[in-house]
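*Asks:* Before anything else, here's the structure in question.
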Amino acid sequence: MSKPKIALYWCSSCGGCEESVVDIAENVLTVRELADIVFWPVALDVKYKDVEAFADNEIAVTLINGSIRMDEQEHMAKLLRRKSQKIIAQGACAHIGGIYGLANLNKKGECLDKAYKEVPSVKNPKGVLPQVKTKDCGRELELPDFHDTVRSLDQVITVDYYIPGCPPNPKYIVEAVLAVLGNKDLPFGYVFAERRSLCHSCHLVDSKPQDSVINKIKRVHEWVWDPEKCFLAQDMICLGPATRGGCEERCIKGNMPCRGCYGPVENVEDQGGKFLSALASIINSNDEKQLKKIAGSFPDIAGFCYRYSLPTSLLKKKVG
């Protein structure tokens, strides 16, 4: 009797999600006993035609990481959706758009100009930009088209389940794959993480401010802070109040505030807006001039509050 089939694919991402698969360590033996990995370009010599040859729904589960920015990625996402019974969005980029989604604050042309003309390390005196089609030595070459915006996976195809994080916690990868292979009854859209915010499990929660305390927003490199005290109580930005738990506080235990990579908590549509609301509740001023000064000490509102979630926020992209 043949085993169920598993596939993995990598869209616009840094490779950390692929590393998180490797980090399941000896658990890969458990997965290997239950299923065959039939498509994994980063680790196996496989071709697009190999996926096309599968019957529809023949693959039991496909894990797709990375956001969607290129034609090729959209094509493969749709192809794997057709060939797979279940699709899991693996990691922050597939889940909510990821850091790549901050490119949506710029137009397509601005992104290309920055990467190929303006970056100091680039030498491109003729200002040549990538073309979808070009000719070289008599041959016509073709590249995937660069889309106008970055999208999360579920803005392109139907996604059954999500594993959040940048990178994801390996234990949730194992849990998700075994749940699908074991035909566990999970609600559509299930997220393999905690239901509540990170603050509920944070070891610094006892010092989290309940009253207005912030007079100026500070950055971690600007001063020496107390590692045994909540970052918010020390005037620093920590997205814990608006971020789903499940990361095991890896950043906070490393003396860095939460960056928001696990996405919004249950029933929250806009993670950045949720955090701004939480932040406003602990700002210690009602004076308009003082409030402007405090806001002015916030160096990059979009970069902080929507670092991972801009494509799936109410904003989604730059307008105008």
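*Asks:* When only Cα pairs under 8 Å and 6 or more residues apart are kept, what is the percent relative contact order across region 107-147?
*Replies:* So the answer I get is 29 percent.
*Asks:* Order of 210-223, 29-42 by packing, highest average Cβ count within 10 Å first?
*Replies:* Order by mean packing, descending: 29-42, 210-223.
*Asks:* Right, another one. Starting from 0.36 nm per residue, how many nanometres of slack lie between VAL42 and GLU222 once their C-alpha separation is accounted for?
*Replies:* Using 0.36 nm per residue and subtracting the Cα-Cα distance, I get 60.8 nm.
*Asks:* Counting only DSSP beta bridges with both residues in the chain, what percent are antiparallel, rounded to the nearest 5?
*Replies:* 30
*Asks:* Of all chymotrypsin sites (Phe, Trp or Tyr not before Pro) in region 121-214, which ones are in loop regions per DSSP and have a Cβ with at most 13 other Cβ atoms within 10 Å?
*Replies:* Those satisfying the criteria are PHE188.
*Asks:* If you don't mind, there's one more thing I want to ask. Within region 1-76, what percent of beta bridges assigned by DSSP are antiparallel, to the nearest 5?
*Replies:* 10
*Asks:* Here's a follow-up. Summing +1 for each Lys or Arg and -1 for each Asp or Glu, what net charge is found among the other residues whose Cβ lies under 13 Å from the Cβ of ALA302?
*Replies:* Charge balance near ALA302 sits at +2.
*Asks:* Follow-up question, since we're still on this one. For the chain, go through all pairs of different Cα atoms, get the mean of 1/r, take its inverse, and jot down that Kirkwood value in Å.
*Replies:* Roughly 21.5 Å, rounded to one decimal.
*Asks:* Let me ask something else about it. On C-alpha positions alone, give me the angle between the axis of helix 271-280 and the longest principal axis of the chain, in degrees, nearest 10.
*Replies:* That helix lies at roughly 10 degrees to the long axis.
*Asks:* Given all pairs of different Cα atoms, what value in angstroms does the Kirkwood hydrodynamic radius of region 136-213 take?
*Replies:* Computed over Cα pairs of region 136-213, the Kirkwood hydrodynamic radius comes out at 17.1 Å.
*Asks:* Out of ILE282, GLN131, ILE99, whose Cα points farthest toward the positive end of the dipole of the chain (charges: +1 Lys, Arg; -1 Asp, Glu; placed on Cβ)?
*Replies:* So the residue furthest toward the plus end is GLN131.
*Asks:* Next up: Hey, if you put +1 on the Cβ of every Lys and Arg and -1 on every Asp and Glu Cβ in the chain, which of LEU112, GLY273, ASN255 ends up farthest toward the positive end of that dipole?
*Replies:* Highest projection toward the positive end goes to LEU112.
*Asks:* Could you calculate, for region 76-213, the ratio of the Cα radius of gyration to the Kirkwood radius, expressed as Rg to Rh?
*Replies:* Reported Rg/Rh (Cα atoms, Kirkwood Rh): 1.11.
*Asks:* Follow-up question, since we're still on this one. Considering only TRP223, CYS305, LEU315, whose Cα is most displaced toward the positive end of the charge dipole of region 222-320, charges sitting on Cβ of Lys, Arg (+1) and Asp, Glu (-1)?
*Replies:* Of the listed residues, the answer is LEU315.
*Asks:* What number, in percent, do you get for the relative contact order of region 211-320 if the mean sequence gap of Cα pairs under 8 Å and at least 6 apart is divided by its residue count?
*Replies:* Dividing the mean separation by the residue count of region 211-320 yields 31 percent.
*Asks:* Could I ask something else about it? For region 37-149, what is one quarter of the convex hull surface built on the Cα atoms, given in nm²?
*Replies:* The directionally averaged projection comes out at 9.4 nm².
*Asks:* Here's another thing I want to ask about it. Explain nothing, just the number: dipole magnitude of the chain about its Cα centre with +1 on each Lys and Arg Cβ and -1 on each Asp and Glu Cβ, in debye rounded to the nearest 20.
*Replies:* Once rounded to the nearest 20, the dipole reads 800 debye.
*Asks:* Now for a different question. Percentage of Cα-Cα pair distances in region 242-320 greater than 16 Å, rounded to whole percent?
*Replies:* 58
*Asks:* Same structure, new question: What translational D, rounded to a whole number of µm²/s, comes out for region 9-68 from Stokes-Einstein when the hydrodynamic radius is the Kirkwood one over Cα pairs, at 20 °C and 1.002 mPa s?
*Replies:* D, rounded to a whole number, is 166 µm²/s.
*Asks:* Using Cα atoms only, what is the angle between the long axis of helix 71-83 and the major principal axis of the chain, expressed in degrees (0 to 90) to the nearest 10?
*Replies:* 70
*Asks:* What relative contact order, as a whole-number percentage, does the chain give when Cα pairs under 8 Å and 6 or more residues apart are counted?
*Replies:* 19
*Asks:* Now for a different question. State the Cα centre-to-centre distance between region 153-183 and region 248-320 in whole Å.
*Replies:* Taking the Cα centre of each part, region 153-183 and region 248-320 sit 25 Å apart.
*Asks:* Peptides 67-74, 131-138: what's the order by average Cβ count within 10 Å, highest mean first?
*Replies:* Descending mean neighbour count gives 67-74, 131-138.
*Asks:* Would you please report the Å³ per residue occupied by the convex hull of the alpha carbon atoms in region 107-147?
*Replies:* That works out to 78 Å³ per residue.
Only the coordinates and a few stated rules stand behind these numbers; no lab work does. Here the structure is a predicted model, which is why all the values come from computation and not from measurement. Note that we place each Cβ from the backbone using ideal geometry, even for glycine, and neighbour counts take in every protein chain shown.
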